[in-house]
Every structure is written in structure tokens, then in C-alpha cells.
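Undergrad: Shown below is the structure under consideration.
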Amino acid sequence: MELSNVYVRNIYSEFLKDKADILLCSLALEPLTSIRRNPSKIEQGRFREIFGEDVVEWCEDGVYLPERPSFTHDPLFHSGTYYVQEAGSMFVGHIVKHLLKDLDQDLTVLDLCAAPGGKSTDLLSVLPKSSLLVANEVIKSRCPILAENVAKWGYSNVVVTNNDPRDFSKLTSLFDIVVVDAPCSGEGMFRKDSEAIEQWSEDNVELCVARQKRILADVWPSLKEGGYLLYSTCTFNSHENDDNVEWIINELGAEIVEIPSFESILRTNMSGYQFAPGLTKSEGFFVAVLRKVSSDGETIKFKSQKGGVKSDVSINYLNDNYLYKLKGEIVKAYPMDLYQRMINIESLLHSVHSGIAVATQKGKDFIPQADLALAIDFKRGLFPEVELSKEDAIKFLSKENLLFRDAPLGYLLLTYLSQPLGFVKNLGNRSNNLHPMARRIRNVQ
Ligand code: SAM
């Protein structure tokens, strides 16, 4: 597929100038594959032993893989031990770690365009556990994969919502950090997806710019004065990047924030961070950090709950302080200190996932839910564990019923390389596989 002449001309005329040749030549090369470790699930030494030492310069938890494996056939992928993410995007974690030096521990953070969950999982890894993340996705059909990836990552301090950016305008001055990883013309997808080349046009860039401004203006009132906006795209053209940053500064009221960076990351005219293939070890990413200097009034006030909140059921599957609340027959666990804030947010938005679904109540019985096994605070030792071979792990994840003749009867926690995968109910001569149907691996060869 040929790059359009207009596109090539733009690349030369914009900030890349003399470096444009390198970028354009590199577009003919194979895309890079990179993954990011879940620091709450696997130690760095063990992770690098398995996946190698080709570390992403700006993210110590990220590594490049020599080739793209079949992630579907790696049980560790399904256990939330790592996330497959373009390396440039991992700079978001680096930025937030830097911002945290001057911020409180109990932040409220919004990832506005969150599906499938790359930035959200990174944010969960770097934010203090006393902070709350709202991971939002406007397109309903993209919410299940976002909720699944968040559940696999195993954190409880998160609410996943399905709202239009304009719904956030009523949450005045609530968020300390807002991430807008905007839908864009996707020039950073050119190596991965030839359709992205086909779909590129100047008109589409202009449509994207208008949509990005609309999204930014809609969400702006929900950012606190002094709060931070991370505005990012996976594209190179300055209309969607620098021009929008300039617009945010002048029209919305913000100033640029500088973050310690790396030599291979280019700086744009508006002090954005540009990752360009051939020049940076990335497929292409742009991000700018801005501080809000305008005010949208006082932080929204929520009704406060009278009296203390108690658990609905007396179970205790997780380490730390959790409340166990019944939602229908599902028992959900919420971090005690965040519960009220989470409920308040859920009352104003369309929530599709929050806390951790730990069990289903059936009479006096509690059937463990898959997400309990994946939770980072799951108390190991509550259920007998069976370590699986890779082949059996794939069978379990494909929802086959395995036999566990030598294991105790009842619920078993299945692991692969010690990472929890999920539960079965062992009946001796057969077992019930409790892996969710919607998450089963299809097409096992
Ligand atoms: N942040 C995600 C990650 O790291 O995995 C990737 C986000 S992707 C670049 C942009 C997202 O914006 C998509 O999930 C898309 O569905 C969503 N989107 C599309 N149109 C939108 C709109 N008008 N308002 C808000 N989000 C939109």
C-alpha cells in the first residue's frame, strides 16, 4: 500500500523536517512487539528470565520481544502477568510517576478514552492503591474488553464506565489527572495495519481534530484547577498534536509541564513528546502534559452516607481492608477506604465494572468467581492449588473439563508458573470448569 503524496509532503513540512526520511523509510520495516510487566504479579528478574532483557528505555517494566508470539496461547497473558502494549504508550506511566512526586496519595484519575485498557493498566500499576481510577470508554461494544483487561490486571481501585465525554462535565473539578488518549488518524498504526494507510486522508485528519477538540472541551470542567491533563495520540501530524496543545493552552486555560525525558524521544514545537519509528524504538506516539490554570468552580459535592458501611456477607477472600457487597447474587469486594467514592461515581455515570467480583452466592454456598483468582490481593492458601502444564492450562482456558483424580474434592485454584488462572469444582470423576464462557480461548490448534 502506497503512502499518499499529501501525507509524505506533510511529514516533510512539519517538525520532523530533515528526519522525515528516516521515519518514512522505517515505515517499510516490520512493527515492534513489546509487553509490560504487571509488577504486582511477577518479579522483574523472573519476568526478564522468561521474556528477555531488551528493556524499553523509558519503562523498566517494558520489554521488546524478538518476534510476535501467539499471545492467545500463552497462559501468562490470560493471567494478567503482562499486557501487550506499544512501547511509546508506556511513557504515560513514566509521566505519572514523575507527577506523583508533587501530588497526594488519594488521587481521583480519569482515563477518558480507555479501551482496550493499555493506559488504564499502566495507571493502575503506578498510582498509589489509595487512588481511584475511572476508566471510561464511550463505545459500548469496546467496554467488555476494557473491563476484562482491567479485571485481569487484578486491581480493585477502579470503576469502568461507558459514558460520552460530555457526561463528565457535570463532575466539576473532580479529577486530579485526566488522560485523553484521543481517537486519531492513526499514523502510528501504519506498520501494523495497512488499512490505516488506506484510510488516511487530509479530510479525516480535520475530522479527527474537530472531534479531539470536542472531547477535550467536554471533559475539561471535570479536571481540577492545578490538575494535569495528559493529551495523547498515536499519530505524527501537528494538526492533531501541537495545534491541539496550543488550542488547549489558549482556549481552555493550561500551561505546559516538562517531564524528564530521553534522547531518542523527539520534542515538538509545543514541548510535546513524539515517538517516531526509525527515530524512537516505537510505532509512533505523541503525548503532551498540561496543567490546568483556569477554574470551573468547586469540586462536585456528593451526598455523604449516614453511619458506617458494613459488608453484606461475612467472607474474607482478600488481603487488606475490603467491604463485601451483594449485587444480586454476585459478591463484590471494594477497598474500604474507596467504597464511598466509588459508589458516588457509579451513581452519576454508567458503570460496567467496579471493584472485584469475588463470588456468586448460591444459598449458603459461595462459588468463587474467575476475577477473584486474578485479583492481586487474593489470599493464596484459601483453596487447594493445582499447578498445570502449559497444555492443560490452555485446555482449561478453552473451557475443557479436566480430570483431577489426585486433588481434593471441591473448589481448586489452577495455576500456571504459579500465576492463578481460575477455578474448577473438582467432583473426582469429572470437574466443572468455572472459566467464563466469554473469555474462553477459541481456535486451539
Ligand atoms: N487508551 C487506549 C489504550 O491505551 O488501550 C486506547 C484508546 S484509542 C487511541 C481511542 C479510544 O477512543 C477508542 O477506544 C475509541 O473507542 C474511543 N473513542 C472514539 N470516539 C470517541 C469519542 N467521540 N469520544 C471519546 N472516545 C472516543
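Undergrad: Which members of region 188-230 meet the condition of being touching a strand residue (DSSP E or B) at 6+ places or on another chain (Cβ under 9 Å) and under 20 Å from Leu16 (Cα atoms)?
TA: Once the filter is applied, which keeps residues that are touching a strand residue (DSSP E or B) at 6+ places or on another chain (Cβ under 9 Å) and under 20 Å from Leu16 (Cα atoms), region 188-230 yields Gly188, Phe190, Arg191.
Undergrad: Please return the ranges of helices (runs of 4 or more DSSP H) entirely within region 185-247 where 1 or more residues are away from the ligand (no atom under 16 Å from the Cβ) and under 22 Å from Asp296 (Cβ atoms).
TA: Result: 242-247.
Undergrad: Identify the single condition in (1) part of a strand (DSSP E or B); (2) over 25 Å from Ser431 (Cβ atoms) that Phe366 does not satisfy, given that it satisfies every other one.
TA: (2)
Undergrad: Could you please give the count of residues in region 282-297 that are in contact with a helix residue (DSSP H, G or I) (Cβ under 6 Å, 6 or more places away or on another chain) and part of a loop (DSSP other than H, G, I, E, B)?
TA: 6
Undergrad: Oh, and also: Looking at Ile177, is it surrounded by 18 or more Cβ atoms within 10 Å (Cβ to Cβ) and modelled with pLDDT under 95?
TA: So Ile177 fails the test.
Undergrad: For region 399-442, give me each residue that is small (Gly, Ala, Ser), farther than 15 Å from Gln369 by Cβ and surrounded by fewer than 20 Cβ atoms within 10 Å (Cβ to Cβ).
TA: Residues satisfying the conditions are Ala407, Gly410, Ser418, Gly428.
Undergrad: Is it true that Gly62 is modelled with pLDDT of 95 or more, crowded, with 16+ Cβ neighbours inside 10 Å, away from the ligand (no atom under 13 Å from the Cβ) and in a loop (DSSP other than H, G, I, E, B)?
TA: no
Undergrad: Quick check on Phe383: is it over 28 Å from Tyr322 (Cα atoms), out of contact with any Ser or Thr (no Cβ under 7 Å at 6 or more places or on another chain), modelled with pLDDT of 95 or more and surrounded by 15 or more Cβ atoms within 10 Å (Cβ to Cβ)?
TA: Taking the combined requirement at face value, the residue does not satisfy it.
Undergrad: Something else now. Listed residues Gly227, Gly272, Gly284; which is surrounded by 13 or more Cβ atoms within 10 Å (Cβ to Cβ) and farther than 30 Å from Thr172 by Cβ?
TA: Just one listed residue meets the conditions, Gly284.
Undergrad: If you scan region 311-356, which residues turn out to be surrounded by fewer than 19 Cβ atoms within 10 Å (Cβ to Cβ), free of Cβ contacts under 8 Å to residues at least 40 places away in the same chain and under 21 Å from Ile145 (Cα atoms)?
TA: Ile330
Undergrad: Right, another one. Is at least one residue of region 9-27 touching a strand residue (DSSP E or B) at 6+ places or on another chain (Cβ under 7 Å), at pLDDT 95 or above and either within 16 Å of the ligand (Cβ to nearest atom) or small (Gly, Ala, Ser) (or both)?
TA: For region 9-27, residues touching a strand residue (DSSP E or B) at 6+ places or on another chain (Cβ under 7 Å), at pLDDT 95 or above and either within 16 Å of the ligand (Cβ to nearest atom) or small (Gly, Ala, Ser) (or both): absent.
Undergrad: Answer yes or no as to whether Gly88 is more than 19 Å from Asn38 (Cβ to Cβ) and touching an Asp or Glu at 6+ places or on another chain (Cβ under 8 Å).
TA: Against the criterion (more than 19 Å from Asn38 (Cβ to Cβ) and touching an Asp or Glu at 6+ places or on another chain (Cβ under 8 Å)), Gly88 qualifies.
Undergrad: Across region 65-90, what is the number of residues that are surrounded by fewer than 19 Cβ atoms within 10 Å (Cβ to Cβ) and among the hydroxyl-bearing types (Ser, Thr, Tyr)?
TA: Summing the residues that are surrounded by fewer than 19 Cβ atoms within 10 Å (Cβ to Cβ) and among the hydroxyl-bearing types (Ser, Thr, Tyr) in region 65-90 gives 2.
Undergrad: Additional query: For region 392-445, please list each of the strands (runs of 3 or more DSSP E) lying entirely inside it that holds at least 1 residues being on the phi > 0 side of the Ramachandran plot.
TA: It comes to 410-416, 419-426.
Undergrad: Moving on. Conditions: (1) out of contact with any helix residue (DSSP H, G or I) (no Cβ under 8 Å at 6 or more places or on another chain); (2) within 29 Å of Ile441 (Cβ to Cβ); (3) of a type outside the set (A, V, I, L, M); (4) at pLDDT 95 or above. Glu57 meets all but one. Number of the miss?
TA: (2)
The values are calculated or read from the model by the stated rules, or taken from the named source; none is laboratory data. For clarity, every value in this text was computed on a predicted model and none was experimentally measured. Backbone-built Cβ (ideal geometry, glycine too); neighbour counts: all protein chains shown.
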